[in-house]
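Structure first, commentary second.
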């Protein structure tokens, strides 16, 4: 019983959780959402460029996209964040006078996300049947117009679940920005919970931070399932009545 009480005090100290809630709500949650959104938007734009380069008929563009993707998908996220945060930090201070590593955290997450999103887009675009491109070319569209208006929209639609999954990963990976040392007003959920846990000697604030992460990721997970279901089975349609069935049946009986 003593062991269970000790576990309860260590992980579920309600007073410690309540004490950290204001900082989690006003500091940690907004910064986590901002990190994920900003890096997600930038990563999506850069990822689309990488996908187009990856399917280009220009060998140099394909090689460049492949090299970029291999590097940023192959390295651990924390290594990239530390290299950019600590390596470019002094340069950023000299150029802008800013001591905040927050923009570098967004940059690092964006580079990581773009490598994965680029592969997602590329696989989606290449999954579109070649006949779609050939048909649009037969109608007089140029290659670039056919890709922009016909192929790419279909490819993006097919990979929407994977894109949302990548955003879920970004929400969780935003906690790694902790390693480059954010100032108090820029702390994300994990940093707020970790600071409170260090001050109190109790892990309950980290449990509270974890609950906030779940509140962000669980709805997105269900959104992925919903999108995937709609893409596989389509929107449910009410069966239309067969207007000819009744007259034909009546004619057969007469």
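The values are calculated or read from the model by the stated rules, or taken from the named source; none is laboratory data. No experiment lies behind these values; they were computed from the predicted model shown. Note: ideal-geometry Cβ built from the backbone for every residue, glycine included; neighbour counts use all protein chains shown.
Inside region 28-37, can you point out the residues that are buried (at least 19 other Cβ atoms within 10 Å of the Cβ) and either over 15 Å from the mean Cα position of the chain (by Cα) or closer than 17 Å to residue 163 by Cα (or both)?
28, 29, 31, 35, 36, listed by residue number.
So in region 71-91, with the set limited to residues that are within 20 Å of the chain's Cα centre (by Cα) and without any contact (Cβ under 8 Å) to a residue 24 or more places away in the chain, which one is farthest from residue 106 (Cα to Cα)?
74
Considering only residues that are under 18 Å from residue 36 (Cα atoms) and in contact (Cβ under 8 Å) with a residue 24 or more places away in the chain, look in region 92-106 and name the one that is surrounded by the most Cβ atoms within 10 Å (Cβ to Cβ).
The residue in question is 105.
Take residue 78 and decide whether it is part of a helix (DSSP H, G or I), modelled with pLDDT under 95 and surrounded by 14 or more Cβ atoms within 10 Å (Cβ to Cβ).
Yes: the conditions hold for residue 78.
Among 162, 135, which is in a helix (DSSP H, G or I), modelled with pLDDT of 85 or more, out of contact with any strand residue (DSSP E or B) (no Cβ under 7 Å at 6 or more places or on another chain) and over 24 Å from residue 43 (Cβ atoms)?
On inspection, the qualifying residue turns out to be 135.
Results for (1) surrounded by fewer than 16 Cβ atoms within 10 Å (Cβ to Cβ); (2) assigned to a helix (DSSP H, G or I); (3) at pLDDT 95 or above; (4) touching a helix residue (DSSP H, G or I) at 6+ places or on another chain (Cβ under 6 Å), shown as yes or no for each residue.
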position: 191; (1), (2), (3), (4): no, yes, no, yes
position: 197; (1), (2), (3), (4): no, yes, no, yes
position: 202; (1), (2), (3), (4): no, no, no, yes
position: 205; (1), (2), (3), (4): no, yes, no, yes
position: 212; (1), (2), (3), (4): no, yes, yes, yes
position: 219; (1), (2), (3), (4): yes, yes, no, no
position: 222; (1), (2), (3), (4): yes, yes, no, no
position: 225; (1), (2), (3), (4): yes, yes, no, no
position: 229; (1), (2), (3), (4): yes, yes, no, no
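Scan region 191-220 residue by residue and report those that are touching a residue at least 40 places away in the same chain (Cβ under 8 Å) and under 21 Å from residue 168 (Cβ atoms).
191, 192, 193, 207, 208, 209, 212, 213, 216, 217, 220
Return yes or no: is residue 164 touching a residue at least 40 places away in the same chain (Cβ under 8 Å), touching a helix residue (DSSP H, G or I) at 6+ places or on another chain (Cβ under 9 Å) and either under 30 Å from residue 53 (Cα atoms) or surrounded by fewer than 18 Cβ atoms within 10 Å (Cβ to Cβ) (or both)?
It is true that residue 164 is touching a residue at least 40 places away in the same chain (Cβ under 8 Å), touching a helix residue (DSSP H, G or I) at 6+ places or on another chain (Cβ under 9 Å) and either under 30 Å from residue 53 (Cα atoms) or surrounded by fewer than 18 Cβ atoms within 10 Å (Cβ to Cβ) (or both).
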